[in-house]
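Below is one structure, written out as structure tokens, with a few remarks after it.
The values are calculated or read from the model by the stated rules, or taken from the named source; none is laboratory data. Because the structure is predicted, anything quoted here is derived from the model rather than measured. All Cβ positions, even for glycine, are placed from backbone atoms using ideal geometry, and neighbour counts span all protein chains on display. Ligands, DNA and RNA are stripped out before the accessible areas are found, and what is left, the full protein with its side chains, is counted by its heavy atoms. Shrake-Rupley method; radii C 1.70, N 1.55, O 1.52, S 1.80 Å.
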Amino acid sequence: MHANEPAPLIEEAATRGGLPVSPSLGPAVQDAGIAPHAPLVDRRVMLVSFLSIILAVIAACVADVLLRLIQLITNISFYGHLTGPGSPPLTNLSPFVIIIPVIGAVIVGIMARYGSAGIRGHGIPEAMEQVLTRQSRIPARLTFLKPLSAAIAIGTGGPFGAEGPIIATGGAMGSLVGQILKTTAAERKTLLAAGAAAGMAATFGTSVSAVLLAIELLLFEFRPRSFIPVALASCTAAGMRFLFDMPYPVFPMPALHHAPGLALAVYIGIGAIVGVASVLVTHAVYAVEDAFELLPIHWMWWPAIGAVVVGVVGYFYPRTLGVGYYNISDAISNSLPLKVMAALCVLKFISWAIALGSGTSGGTLAPLFTIGSTLGAILGIAGAHLMPNLNVDPRVAALVGMAAMFAGASRALLASVVFAFETTLQPLGLLPLLGGCAAAYFVSSALMQHTIMTAKISRRGIRVPAEYVADFLDQVLVGEVARRKVVCLNASQTLGEVRRWIASRAQGSTHQGFPVLDERGELSGVVTRRDLLGNTVPDAQALRSLIRRPPLTIRSDSTLRMAADQMVNFEVGRLPVVDPDSPGKIVGILTRSDLLHAHRRRLREIHWAERSLSFKRPGNGQVATATAEES
């Protein structure tokens with residue numbers, strides 16, 4: 001190349017294939033750190049999986065201990081001795097029952113103030129907050145304070161489920177193990193989710209829905225390195241439950257029959273109605289919480305105030321006290337009179353919403369299932385009465401209502417469907433469940449921005465992922481985006497020649513970086529404009545004297561995600577693109593602006609959707625009118 005001539009333009013077609021790096025490469029490219037195709041699992045995944053299995057065994061034992069502790073406190077509180085049925089009595093209650101929940105709430109308030117405020121609430125939102133803001137680090141003291149406080153609150157009549165605190169305790173144990181062993185943030189999140197899933201599986205024996213719940217509410221991703229340990233933990237904990245108890249369904253119900261086509265439409269409609277109810281329930285809980293915030297007393301006393309309502313409602317309607325899993329079984333078996341289910345639906349909601357809004361310790365799953373199942377049963381009975389020819393089964397309607405309430409309130413769609421199946425072992429209910437839960441999910445998404453799990457932490461300015469989509473950069477290959485024409489320099493050129501060429505402002509001389517080729521035409525290194533013009537090296541020196549490290553490159557069959565990670569890790573703004581068959585051969589160059597331009601395809605699809613559906617953009621009230629050509 002002459003001194004005043006532009007550097008040669010090299011135009012090559014980017015290739016694909018993913019072949020291994022040739023061992024005949026020189027050390028410059030051999031040591032360049034060409035981004036490989038990362039394996040789906042590795043030795044660290046094996047380690048995390050092993051830890052998750054051990055964690056699941058411990059979590060299952062803790063769940064069994066907690067359930068027994070709740071029964072013990074219940075027996076002491078309501079019967080005055082150590083043994084008994086383990087649930088509050090349904091008849092012959094004395095007025096003293098009003099005081100029992102208040103005593104438990106006072107103890108929980110003291111534990112929250114002087115132990116840890118993290119025990120307040122039902123556990124899952126707090127675990128989500130730790131995942132999103134603190135790299136899955138949960139304080140160690142919550143590992144024993146949360147289950148103990150929940151046992152006291154529920155054992156003294158609190159209208160909660162034991163599953164929320166058990167899930168939170170399992171998550172805290174997983175986080176603690178991750179902190180002790182110095183794991184990465186991603187591995188701690190996996191251990192936290194594994195512990196939480198193990199807690200749920202140990203409580204209900206629902207191994208599959210526990211994994212789905214962890215994915216939808218805690219992991220915020222679907223990767224083998226995260227869900228494999230969670231699945232192993234859930235399976236182990238469910239197996240441990242069979243050692244402690246007989247492997248029978250948690251919510252037994254009579255065998256179901258195939259749902260006729262028109263009846264299926266009714267079940268989907270019931271799911272939609274329950275979805276509306278789930279929105280109202282969520283807003284009511286946080287309205288109660290806001291009302292407690294206005295009280296001119298310390299929050300330590302709020303649970304006691306809420307417990308007064310729990311005690312009064314429980315005195316007049318004892319079915320609202322405690323966990324009350326039997327209420328769910330009775331509702332989905334259609335063994336309760338209509339008036340009883342209506343009273344249970346309304347009064348359980350009032351008792352639970354006020355108690356939970358007061359900031360005490362307890363779960364949400366069992367109350368939501370109770371409210372949803374009774375509401376679904378009521379709607380099913382009404383449907384069977386109004387449309388006798390459709391063969392609407394109130395039991396199926398109750399099952400759909402149970403799952404749809406949780407699907408609408410939490411938007412854990414798949415977990416809700418599978419949970420209802422696993423706790424009843426009724427495969428013929430899957431189709432109505434899927435339709436009803438999907439309808440509830442749709443209604444909830446249309447009417448409510450945040451869920452009962454995310455509203456609390458979103459108020460603190462924490463953004464919770466609502467959609468899990470594949471990384472766009474991971475779907476595009478470097479060869480599809482990289483610039484094919486690359487301005488390259490020769491290693492044998494002198495600095496004087498290159499500097500005069502840059503000063504001439506010839507075509508290509510304004511670039512910020514230039515690949516340098518050796519005598520064989522293979523990549524030797526990369527120099528920047530600052531290296532060329534700001535260096536004190538004399539003009540007579542050859543260009544190769546500026547190359548002090550192997551070049552950072554990317555293969556044309558790598559993804560843009562790998563390229564972006566490479567740029568961030570090494571703080572570079574451009575990467576030479578090499579042929580996967582001949583990694584010393586440069587076929588293009590990729591810059592930061594190329595990464596941004598790659599999003600045009602995604603934006604084009606969005607504009608198409610806006611144009612075809614005439615969606616209004618939030619905030620400006622204008623209809624998007626961009627055409628495909630304009631975007």
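For the chain, the longest stretch holding no chymotrypsin sites (Phe, Trp or Tyr not before Pro) located in a DSSP loop with at most 12 other Cβ atoms within 10 Å is which? Intermediate results must be reported in sequence, preceding the final value.
Details: sites that count: PHE222, TYR468, PHE615.
Longest stretch, sites excluded: 223-467.
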*How much of the accessible area of the stretch 266-320, in percent, comes from carbon and sulfur atoms when a 1.4 Å probe is used?*
78
*For the stretch 304-433, what is the Kirkwood hydrodynamic radius in Å, using each pair of distinct C-alpha atoms?*
15.0
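Which percent, nearest 5, of DSSP beta bridges in the chain are antiparallel? Walk me through the numbers on the way to the answer.
Values: 17 of 22 bridges.
In the chain, approximately 75 percent of DSSP beta bridges are antiparallel ones.
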*asked:* Give me the net charge for the shell around LEU546: Cβ to Cβ below 11 angstrom, other residues only, Lys and Arg +1, Asp and Glu -1.
replied: +3
*May I ask you to evaluate 6.51 cos²θ - 1.76 cosθ + 1.60, the Karplus curve with θ = phi - 60°, for each residue of the stretch 323-330 and list the ³J(HN,Hα) values in order in whole Hz, giving x for glycine and proline?*
5, x, 4, 5, 5, 5, 4, 5
*Working from the pairwise distances between different alpha carbons, so that the mean of 1/r is found and then inverted, what is the stretch 301-342's Kirkwood radius in Å?*
11.6
*asked:* List the trypsin sites (Lys or Arg not before Pro) within the stretch 518-566 that DSSP assigns to loop and that have no more than 13 neighbouring Cβ atoms inside 10 Å.
replied: ARG520, ARG548
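For the stretch 363-485, which semi-axes, largest first and in whole Å, follow from the square roots of 5 times the eigenvalues of its Cα gyration tensor? Could you put the intermediate results ahead of the total?
Details: eigenvalues 282, 73, 32 Å².
The equivalent ellipsoid of the stretch 363-485 has semi-axes of 38, 19, 13 Å.
Want the number for PHE144 to ARG530: 0.36 nm per residue separation, take away the alpha-carbon distance, what's left?
Details: separation 386, 0.36 × 386 = 138.96 nm, distance 5.85 nm.
Extra length from PHE144 to ARG530 when fully extended: 133.1 nm.
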*Scan around GLY525 for amide H atoms under 5 Å from its own, H built in the peptide plane at 1.01 Å from N, and keep only partners 5 or more places away or cross-chain.*
VAL516
*Name the residues whose placed amide hydrogens come within less than 5 Å of the amide hydrogen of ILE589, ignoring near sequence neighbours (fewer than 5 apart) on the same chain.*
ARG483, VAL577
*For each pair in LYS146/LYS348; LYS182/LYS585; LYS189/LYS585; LYS146/LYS182, compute the distance between the two Cα atoms and list the pairs where it is over 30 Å.*
LYS182/LYS585; LYS189/LYS585
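Which whole number of Å³ per residue matches the convex hull of the alpha-carbon atoms in the chain? Each step should come with its number before you reach the end.
On the way: hull volume 129.2 nm³, N = 631.
Given the Cα convex hull of the chain, per-residue volume reads 205 Å³.
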*asked:* Give me, ordered by chain and number, the residues 5 or more places off GLY322 or on other chains with an amide H under 5 Å from its own placed amide H.
replied: GLY157, GLY158, PHE160
*C-alpha long axis of helix 261-293 to longest principal axis of the chain, angle in °*: 90
*Not counting the cut sites, what is the longest span of the chain without GluC sites (Glu not before Pro) that DSSP labels loop and that have at most 12 other Cβ atoms within 10 Å?*
1-466
*asked:* Modelling each spin label as a point 7 Å along the Cα-to-Cβ direction, I'd like the GLU480/LEU280 distance in nm, to one decimal.
replied: 4.8
_Karplus (6.51, -1.76, 1.60) ³J(HN,Hα), θ = phi - 60°, over the stretch 84-92, in Hz, Gly and Pro reported as x_ = x, x, x, 9, x, x, 9, 9, 6
*How big is the stretch 538-593 on each of its three principal axes, counting only the C-alpha atoms and giving the largest first in Å?*
40, 26, 18
*Which of the trypsin sites (Lys or Arg not before Pro) across the stretch 171-212 are loop residues per DSSP, with 11 or fewer other Cβ within 10 Å?*
LYS182
*Distance in nm between label sites at THR91 and GLU467, each 7 Å beyond Cα in the beta-carbon direction?*
5.6
*For the stretch 143-227, what does the equivalent ellipsoid look like in terms of its semi-axes, each the square root of 5 times an eigenvalue of the Cα gyration tensor, given largest first in whole Å?*
24, 16, 8
*From phi via Karplus (6.51, -1.76, 1.60), per-residue ³J(HN,Hα) for the stretch 438-445 in Hz, x at Gly/Pro*: 5, 5, 5, 4, 4, 4, 4, 5
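Report Rg(Cα)/(2.2 N^0.38 Å) for the stretch 71-182, keeping two decimals.
Numbers: Rg = 15.9 Å, N = 112, 2.2 N^0.38 = 13.2 Å.
In units of the 2.2 N^0.38 Å rule of thumb, it is 1.20.
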*Relative counts (whole %) of C-alpha pair distances in the stretch 433-540, using bins that are 10 Å wide*: 11, 25, 16, 10, 11, 16, 10, 2
*Paired Rg and Dmax values of the stretch 507-569, which use every Cα atom, in angstrom*: 13.7, 41
*If you line up the Cα atoms of the stretch 445-489 on their principal axes, what length do they span on each, largest first, in Å?*
59, 21, 14
*With the Cα gyration tensor of the stretch 97-256 in hand, convert its eigenvalues to equivalent ellipsoid semi-axes via √(5λ) and list them largest first in whole Å.*
26, 23, 12
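Can you give the extra length, in nm with one decimal, that the chain gains between ALA265 and ARG549 once fully stretched, where that is 0.36 nm per residue apart less the Cα-Cα distance? Numbers along the way, then the final one.
Working: separation 284, 0.36 × 284 = 102.24 nm, distance 6.74 nm.
Fully extending the segment from ALA265 to ARG549 adds 95.5 nm.
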*Which is farthest toward the positive dipole end of the stretch 87-157 among ILE98, GLY121, LEU132, measuring Cα position about the Cα centre, with Cβ charges +1 (Lys, Arg) and -1 (Asp, Glu)?*
LEU132
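What is the extension gain from ARG500 to HIS450, computed as 0.36 nm multiplied by their sequence separation minus the C-alpha to C-alpha distance, in nm to one decimal?
Working: separation 50, 0.36 × 50 = 18.00 nm, distance 6.13 nm.
Between ARG500 and HIS450, full extension yields an extra 11.9 nm.
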